[in-house]
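Worksheet for the structure shown next.
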Amino acid sequence: SQKIEQNSEALNIQEGKTATLTCNYTNYSPAYLQWYRQDPGRGPVFLLLIRENEKEKRKERLKVTFDTTLKQSLFHITASQPADSATYLCARGGYSTLTFGKGTMLLVSP
Amino acid sequence: DVKVTQSSRYLVKRTGEKVFLECVQDMDHENMFWYRQDPGLGLRLIYFSYDVKMKEKGDIPEGYSVSREKKERFSLILESASTNQTSMYLCASSPTGQERFFGPGTRLTVL
């Protein structure tokens, strides 16, 4: 089966620092990886999609990388703010087979 | 902006009841999905639909059925609710089958 793993421990950082979250996958590289944000009691919100042939993608303060050698995606939030505190989900795969990680909670302290 | 709405935010039902969860999207997306999310298990796909009247089983379809009579509406049915179906239910739509646009979720408790 196609697994996707995220660090289950919460990441605590200070406001203004860069947060880096990790997503590791097994077996073959997916065609793309996706990142979502989820606030408590709410549905996930789509943030970014990065394709296999894209090494890096940016959107405002967000940056995602895709390393097929390491079988890993990194998700960065620069100049983090308390409002960035949430759980971030990584997902791999295609149409019906989109597999989500369990998410990493990010806590940004003022 | 894509808007996906779900009929209830919170729902309490009794064991054995038939439960209907409704989902409506306003962006004319072909693809719609039902997930459940449980602590420690993450998001799991129950059913999906890529067109009106079409449906496909996901990873955990047992105990559920779906209906898609109109493009914008995708319903999840619990034929006879059981306590192990207590969960957060999330509907999503997608224009391409790639990114998912989720609704706010329905927290269902079965007593």
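The values are calculated or read from the model by the stated rules, or taken from the named source; none is laboratory data. Owing to the predicted nature of the structure, the values given are computational and were not obtained by experimental measurement. Please note: Cβ atoms are built from the backbone with ideal geometry, for glycine as well, and neighbour counts cover all protein chains shown. Ligands, DNA and RNA are stripped out before the accessible areas are found, and what is left, the full protein with its side chains, is counted by its heavy atoms. Shrake-Rupley method; radii C 1.70, N 1.55, O 1.52, S 1.80 Å.
Okay, here's what the table says:
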{"quantity": "Given charges at beta-carbon only (K, R positive; D, E negative), |dipole| of the protein assembly as shown in Debye", "calculated": "120"}
{"quantity": "Amide H partners (placed H, <5 Å) of A:Ala86, local residues excluded", "calculated": "A:Leu106"}
{"quantity": "Inter-chain Cβ neighbour average for residues A:43-55, partner chain, 10 Å", "calculated": "3"}
{"quantity": "Within the range A:1-82: Cβ-based charge dipole about Cα centre, in debye rounded to nearest 20 (Lys, Arg +1; Asp, Glu -1)", "calculated": "180"}
{"quantity": "Extension gain, B:Arg107 back to B:Glu72 (0.36 nm per residue minus Cα-Cα distance, nm)", "calculated": "10.4 nm"}
{"quantity": "Magnitude of the charge dipole, chain B, Cβ model with Lys/Arg +1 and Asp/Glu -1, debye to 20", "calculated": "340"}
{"quantity": "Contact surface B-A: accessible area buried, both sides summed, square angstrom, 1.4 angstrom probe", "calculated": "1600"}
{"quantity": "For residues of B:100-109, the mean tally of beta carbons on other chains within 10 Å", "calculated": "3"}
{"quantity": "Volume per residue that the Cα convex hull of chain A spans, once the total is divided by residue count, Å³", "calculated": "99"}
{"quantity": "Inter-label distance, nm, simple model (7 Å from Cα along the C-beta direction), A:Arg58/B:Ser65", "calculated": "5.3"}
{"quantity": "Once exposed loop trypsin sites (Lys or Arg not before Pro) are cut out (DSSP; at most 12 other Cβ, 10 Å), longest piece of chain A", "calculated": "A:56-110"}
{"quantity": "Span from the the range B:15-88 Cα centroid across to the the range A:65-97 one, whole angstrom", "calculated": "26"}
{"quantity": "Contact order relative to length of the range B:22-77, as percent, for alpha carbon pairs under 8 angstrom and 6 or more apart", "calculated": "35"}
{"quantity": "Neighbour net charge for A:Gly41 - beta-carbon separation under 13 angstrom, K R +1, D E -1", "calculated": "+2"}
{"quantity": "Separation of the A:Arg51 and A:Ser8 label points, Cα + 7 Å toward Cβ, nm", "calculated": "3.6"}
{"quantity": "Accessible surface of B:Thr15 - all protein chains present, 1.4 Å probe, nearest 10 Å²", "calculated": "80"}
